[in-house]
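Here is the structure we will look at, set down as structure tokens.
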Amino acid sequence: MKASESPSANADLVLFTAKDQFTTRPFRASEFDGELGSSALYHAEDRLEIHIGLGQQESLSGHSYRLAAAHAARKATAAGSTEIALDISETEEFVSEIAEGLLMGFYRFDQFRSDTPEQSLKKVTLVGPKKTLKSTRAQIARGIAIGSSISYCRELGNLPGNEIYPEKLALEARQIAESDVVKCKIWNLAGLKREHFGGIVAVGAGSANEPRLIRLDYNSGSRGVPTVAVVGKAITFDSGGLCIKPGEHMDEMKFDKMGGCAVLGVLRAVLSLKTRANVIGILAAAENMTGSSAYRPGDILRSYDGKTIEVANTDAEGRIVLADALGYVREKVKPDLVIDLATLTGACVVALGEERAGLFSKDETISQLLCSVGDQIGEKVWPLPVGDEFDEMITSKVADVRNLGSTRWGGASTAASFLLKWTDGLKHVHLDIAGPAMSSKERFYRSEGASGFGVNLVVRFIEKWAESFQNL
Ligand code: BES
Ligand code: MN
Ligand code: ZN
């Protein structure tokens, strides 16, 4: 993606049109009226024009441009454009969203296909006036940083269990830490056992692919900035363990690592954005399988902070690995805030559908800020309850806590209340992303498969939270 004052001669043109701008020539209103999600192609003499609807003028926001840009990217790809140009002189304040949207729309998981077309897009030129180009360039760079981190998260997420497992996620983390401002620490199986990460060790025990705990530290280099820990569930494949899942849709459980992939995406983004906050990423990575040393229903585990867990169901493994990670964060990191992202429960998808993540927290201010950031950028979250009524459901007769509720009702809240037992005294938000982490079909900026949900939300949330930290 390049900023320039004029497009090259053979670039196809992308043109945005709002719904009430009566300039939809060369089309009739019945063909193209600028509705959001609509588009039309016009073969001009020398180039193709790709007209994209923005929706109603009065409701235009940055997000309208993100959507429209993603749509443009899809249409250009489908039309076989190798070069496109987009005039941003009227929309300079939204260039970051436009860059993000273009990248999101171009993303495709095709590295394993032999038949990918040669003819693909090679160059995007954003055309604007000369005088404002410098600040505009910075905004474009910002959009590229976020957009490419979303694509990175999607690509890792779409890789299947035979291609990516805990050790590979650790290698990805090491690559991010090649920069001086990010440090990386990895616990292998021996290290996990030595330091008593009893939950991660148990969940990973049934797989030939050993578990890992991964820590990445981004240091902003500025004084007086707050520290946030971002923790991700990274189950590279969830078969359910001995409480095995039904075969139908089991393939989708390669997406059970999306919380962890989002954490890697966040670290990659804050590094290139030079975010003014210290960000510590933690991935609890394991593969939940059924091997002969797999953990069993009835087992009693000791987690990192010493609390014991009765395993009622080996398929409720996410909360077990997160208990270790959150206990570690509370004892060793002591951040100003911890956010965890996890594809934790099917119950959350039943409650909120496939587009919204469940938000669980006892902190009103943080919850509200996350909700409003999510609404702005189209990564929506919705608050669900935690607390005493659910704590009752996870009491155990033989251990400190049980990994399954006493009834099947309120499953997303019992899982969240389980996690909260490991974050006592910390500001903590849990995001259950089981719904929006993956998409069964392509829609606007969502590609089919891993969505990258959480990267943009957490990055923008951290920026806003850190800015106002003194006042919170
Ligand atoms: N990874 C699943 C949750 C999930 C389900 C994510 C569907 C995405 C789509 C999790 O580990 C799990 O299996 N949860 C169980 C919990 C139950 C055993 C208490 C569930 O939701 O059924
Ligand atoms: Mn499971
Ligand atoms: Zn799982």
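What to note about this one:
- Residue in the stretch 358-377 that is within 16 Å of ligand 3 (Cβ to nearest atom) and not aliphatic (A, V, I, L, M) present: yes
- Selection from the stretch 220-238 of residues that are open to solvent by less than 10 Å² (accessible area, probe 1.4 Å) and assigned to a loop (DSSP other than H, G, I, E, B): 226
- Residue 281 passes every criterion in (1) within 12 Å of ligand 3 (Cβ to nearest atom); (2) among the small types (Gly, Ala, Ser); (3) not in a helix (DSSP H, G or I) apart from (1).
- Annotation: residue 432 fulfils all but one of (1) buried (at least 18 other Cβ atoms within 10 Å of the Cβ); (2) closer than 23 Å to residue 218 by Cα; (3) not hydrophobic (A, V, I, L, M, F, W, C); the unmet one is (2).
- Of all the listed residues (404, 359), the sole one being surrounded by 21 or more Cβ atoms within 10 Å (Cβ to Cβ) and part of a loop (DSSP other than H, G, I, E, B) is 404.
- Checked against (1) surrounded by fewer than 19 Cβ atoms within 10 Å (Cβ to Cβ); (2) of a type in the set (S, T, N, Q); (3) in contact (Cβ under 8 Å) with a residue 12 or more places away in the chain, residue 372 passes all but condition (3).
- Selection from the stretch 191-216 of residues that are out of contact with any helix residue (DSSP H, G or I) (no Cβ under 7 Å at 6 or more places or on another chain) and either open to solvent by 40 Å² or more (accessible area, probe 1.4 Å) or part of a strand (DSSP E or B) (or both): 194, 195, 196, 208, 215
- Filter pass, residue 163 being assigned to a loop (DSSP other than H, G, I, E, B) and under 30 Å from residue 209 (Cβ atoms): yes
Rundown of residues vs (1) closer than 30 Å to residue 301 by Cα; (2) within 23 Å of the chain's Cα centre (by Cα), yes/no style:
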{"position": "367", "(1), (2)": "no, yes"}
{"position": "376", "(1), (2)": "no, yes"}
{"position": "384", "(1), (2)": "yes, yes"}
{"position": "394", "(1), (2)": "yes, no"}
{"position": "416", "(1), (2)": "yes, yes"}
{"position": "420", "(1), (2)": "yes, yes"}
{"position": "456", "(1), (2)": "no, yes"}
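- Every pair of residues 6+ apart whose Cβ atoms lie under 7 Å, when the first sits in the stretch 252-274 and is near ligand 3 (Cβ under 10 Å from one of its atoms) and of a type in the set (Phe, Trp, Tyr) while the second is at pLDDT 95 or above and open to solvent by less than 10 Å² (accessible area, probe 1.4 Å): 255/157; 255/437; 255/450
- Residue 250 within 24 Å of the chain's Cα centre (by Cα), within 16 Å of ligand 2 (Cβ to nearest atom) and surrounded by fewer than 24 Cβ atoms within 10 Å (Cβ to Cβ): yes
The values are calculated or read from the model by the stated rules, or taken from the named source; none is laboratory data. Fair warning: this is a prediction, and the values are worked out from it, not measured in the lab. As a convention, Cβ positions derive from the backbone with ideal geometry for all residues, glycine included, and neighbour counts pool all protein chains shown. Accessible surface is based on the protein model in full, side chains and every heavy atom, while ligands, DNA and RNA are left aside. Shrake-Rupley method; radii C 1.70, N 1.55, O 1.52, S 1.80 Å.
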